[in-house]
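*Asks:* First, the structure itself, so that you have it in front of you.
The values are calculated or read from the model by the stated rules, or taken from the named source; none is laboratory data. Since we're looking at a predicted model, the values are computed, not measured. Positions of Cβ are generated from backbone atoms using ideal geometry, with glycine treated the same way; all protein chains shown enter the neighbour counts.
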C-alpha cells in the first residue's frame, strides 16, 4: 500500500510539473503576441503620422517665413488656427466650410521675396491665389506644381523676364489668369491656349512681344486684354471679334477690329524693278512737262491780250464755293449718308484734313467719312453723333460739337493730343479730330454693344437680356478704375470727366465699360459748360452753378444708384434742369427694410448670398451723393471702397473668390 501511494504521489508531481510547464509556455506565447501587437501599432502610428504631413497652419507659417516685409500678417500665429469652419481667423485666408484653406488673398500688403510654390503644395485644398499690388519681382513662379488652381491674380507687381512656353501645362482647372502691370518679356506662353476652362486672361501693360497665340477656348473669353505690349502680326481668328481696346497700344498688331493688315513684304528684286520703273516714269513726265510749258509760253506770248475763255465769273465762283461748302459740311447727316459731292479736288480739300492722335489706327480722310454709309446715333443740346461705316472696313463714331470755342486752335489741338495720349482699358480712345472755328468733330471707334443706358432702360426694345448683378458690379468697378486713371493723368482739370452719365459709358463684347466724352470741360464755351457738361446736377451746382473736384463723385454716385435700381435719374430726364426729388433722395425715402423689394432692380437676379454686397454698393452710391461737398467722399476713397465689394457675401467650397483689387475684369460671373 505504501509503495502504491508513493507511485501515485510521484505521478501527481509529474502531472503538476507538466501543468506548470504548459502554463509557462502559454504565458510566454501570450506575451509574445502582445509584444508583436505593440510593435505593429507603433509602426502604424509612425506611418499615419508621416502620411498626414504638416497642418495648414504649419504650412502657412512656413510660407510667411519665406516672404519679406510681412508686417501685414501679424495675426498669423501658432497660437491660433487659420480657419474655424468657414470663418477665417487669419488675414488674407479664405476657408471652406470644413475648416480647410482654399484661398490666399494677400493684396496691397507691400510683400516681396519669393512665392515659394513648394511650400504651397502642402495646402491640398488650395484653389485660388491673389498677390496683386505687392512688390514681388523676378521671374514668374512655377505654378505647374499647383495643378488644382482655378484662379491666379499676380497683377501690379514687378515680375519680369520671359515665361517658358510650357509653363501652364497640366493646369487644366485654370479659369482666370491675371498678370497685368508687370514687366514680363518674350512671347505669350502657348500652353495657355490648351486650357479649355480659361475665360479670363489679363496681360496688359507688360512687354510681351511676338505674335498672339491662336486661342480657341470652347467657352470663349469674358475678359481678354493684351493692350500696351509689343505684340505684332495679325490677330488670330478666334479673337478677331473682340473690342479694339483689348489690343490697343501694340503698334504692329493688325486685323480684327484694328487696322487692316498690309500685304506681305515684296521680294528685293521686285522692289528694284519698281524703283527703276518709277525713275523712268518720272523722267518721262519731266520731259513731257518741259515741252508743254515751252509750248504754253509761246502761246501766251502770241495772245497775251485775249482773256481765258473758261475762267468763271466772281458770281459763279461764289455760288460754286457755297455749294461745295454745303456739300462738305462736316458731320451733317446728308453727307454722312453718302450724297454725291463735287469730285474735283481743290485747295479747299486741305481744310477738310483730319488730325489723328493715335498711331495704331488706319488712316482715312474726310472724303472717306462723307462716302461712308451712316446712321444717326443721337442728338442733344451738346451735339450730335453718327455711326459711319467706312468703305475700307472700320466702323467709326463721329461726334459733332458746336459749343467748343473756349480756346484757340493751337490750345484746342494741344488738348486733343493730350487726350489722345490717354490709354486705359476703361477709356474709349480718341482716334482723330477735325477743327473748324464754327464746329468740331471728335472721332472714335464704334462699340458694338452700345451704351449702358440702353442696357439698363431699353434692353427689351433691342432684344437684349437684363444685366445681372455680377455684370453690374463689373461695370461699376470698371468705371471706378477709368475715373481714377483720369484723375491721375488730368490733375489740372476741375472735373476730369465732367460729363459722366449712363449714355457716356459704353460696353464692349465682354461687358467691360468704356468711358467716353471725358476731359472736355476746358474746350467747351464757359457760358455753356455748366449747362451742357454736368448731366447729373449736384446740390452745389443747383445752388451756385459751381463745379468742383467732387462733381464727378456726385455723378458717379447717381450712376451707381441708376445701375442698381434700373431707374433713370429724374433730373436727367429733365435735361439737367432740376427736380423736386433726385434718385439719391428717392432711395433714402424708402425704408431700408424695403430696399430689396422696392429699390433694387429685380431684373438683376441676385441670390441671397449677394445681398450684403449689394447693400455695400448701394451705400457707397449714397455716400457719393452726400449733399454737403465737404462731407462727400473724394474719388480715391470711393474707388477703394468699391474694390472691397465682392459678388458674394461668403464664398464656400471650391468656388474661386473675386479679387478686391481687380480692375481688369476680375468681377465677371464665375463659369462652370
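*Asks:* Restricting attention to region 96-138, and to residues there that are at positive phi and in a loop (DSSP other than H, G, I, E, B), which single residue is farthest from the chain's Cα centre (by Cα)?
*Replies:* Checked region 96-138; the qualifying residue farthest from the chain's Cα centre (by Cα) is 99.
*Asks:* Against the conditions (1) assigned to a helix (DSSP H, G or I); (2) not assigned by TED's automatic domain parsing to the domain that holds residue 503, where does residue 473 fall short? Just the number, please.
*Replies:* Checking residue 473 against (1) assigned to a helix (DSSP H, G or I); (2) not assigned by TED's automatic domain parsing to the domain that holds residue 503, the one that fails is (2).
*Asks:* Answer with yes or no whether residue 394 is farther than 26 Å from residue 206 by Cα and either buried (at least 18 other Cβ atoms within 10 Å of the Cβ) or touching a helix residue (DSSP H, G or I) at 6+ places or on another chain (Cβ under 7 Å) (or both).
*Replies:* Answer is yes for this residue.
*Asks:* Quick check on residue 220: is it at pLDDT below 90 and either assigned to a strand (DSSP E or B) or closer than 29 Å to residue 422 by Cα (or both)?
*Replies:* Yes, satisfied.
*Asks:* Something else: Could you list all residues from region 225-249 that are part of a strand (DSSP E or B) and closer than 17 Å to residue 428 by Cβ?
*Replies:* 225
*Asks:* Which one is farthest from the chain's Cα centre (by Cα), of the residues in region 63-95 that are over 17 Å from residue 136 (Cα atoms) and part of a strand (DSSP E or B)?
*Replies:* In this case the residue turns out to be 84.
*Asks:* Same structure, new question: Have a look at 455, 424 and point out the one that is touching a residue at least 12 places away in the same chain (Cβ under 8 Å), assigned to a loop (DSSP other than H, G, I, E, B) and buried (at least 22 other Cβ atoms within 10 Å of the Cβ).
*Replies:* After applying the criteria, what remains is 424.
*Asks:* For region 435-452, which residues satisfy the criterion of being in contact (Cβ under 8 Å) with a residue 60 or more places away in the chain and either touching a helix residue (DSSP H, G or I) at 6+ places or on another chain (Cβ under 7 Å) or at positive phi (or both)?
*Replies:* 435, 445, 452, listed by residue number.
*Asks:* Name the pairs: first residue in region 481-508 and at positive phi and in a loop (DSSP other than H, G, I, E, B), second residue modelled with pLDDT under 85 and buried (at least 20 other Cβ atoms within 10 Å of the Cβ), Cβ to Cβ under 6 Å, at least 6 apart or on different chains?
*Replies:* 498/521; 498/533
*Asks:* Applying the selection to region 547-581, what residues are at pLDDT below 70 and not in a helix (DSSP H, G or I)?
*Replies:* Residues satisfying the conditions are 574, 575, 576, 577, 578, 579, 580, 581.
*Asks:* Checking residue 432 against (1) assigned to a strand (DSSP E or B); (2) modelled with pLDDT of 85 or more; (3) over 24 Å from the mean Cα position of the chain (by Cα), which single condition isn't satisfied?
*Replies:* With (1) assigned to a strand (DSSP E or B); (2) modelled with pLDDT of 85 or more; (3) over 24 Å from the mean Cα position of the chain (by Cα) applied to residue 432, the lone miss is (3).
*Asks:* Among the strands (runs of 3 or more DSSP E) confined wholly to region 349-418, which include 1 or more residues that are modelled with pLDDT under 80 and within 23 Å of residue 506 (Cβ to Cβ)?
*Replies:* 373-379, 383-389
*Asks:* Here are 130, 160: which of them is touching a strand residue (DSSP E or B) at 6+ places or on another chain (Cβ under 6 Å) and farther than 27 Å from residue 234 by Cα?
*Replies:* None of the others qualify; the one that does is 130.
*Asks:* Inspect all residues belonging to region 250-263 and state whether any of them is at pLDDT below 65, within 30 Å of residue 185 (Cβ to Cβ), outside any strand (DSSP E or B) and out of contact with any helix residue (DSSP H, G or I) (no Cβ under 9 Å at 6 or more places or on another chain).
*Replies:* Yes - at least one qualifying residue is present in region 250-263.
*Asks:* Is at least one residue of region 400-413 over 23 Å from residue 499 (Cα atoms), surrounded by fewer than 15 Cβ atoms within 10 Å (Cβ to Cβ), out of contact with any strand residue (DSSP E or B) (no Cβ under 6 Å at 6 or more places or on another chain) and in the same structural domain as residue 497 (by TED's automatic domain parsing)?
*Replies:* no
*Asks:* Would you check which residues across region 60-98 are closer than 19 Å to residue 133 by Cα, in contact with a strand residue (DSSP E or B) (Cβ under 7 Å, 6 or more places away or on another chain) and touching a residue at least 24 places away in the same chain (Cβ under 8 Å) and list them?
*Replies:* Correct list: 66, 67, 68, 69, 93, 94.
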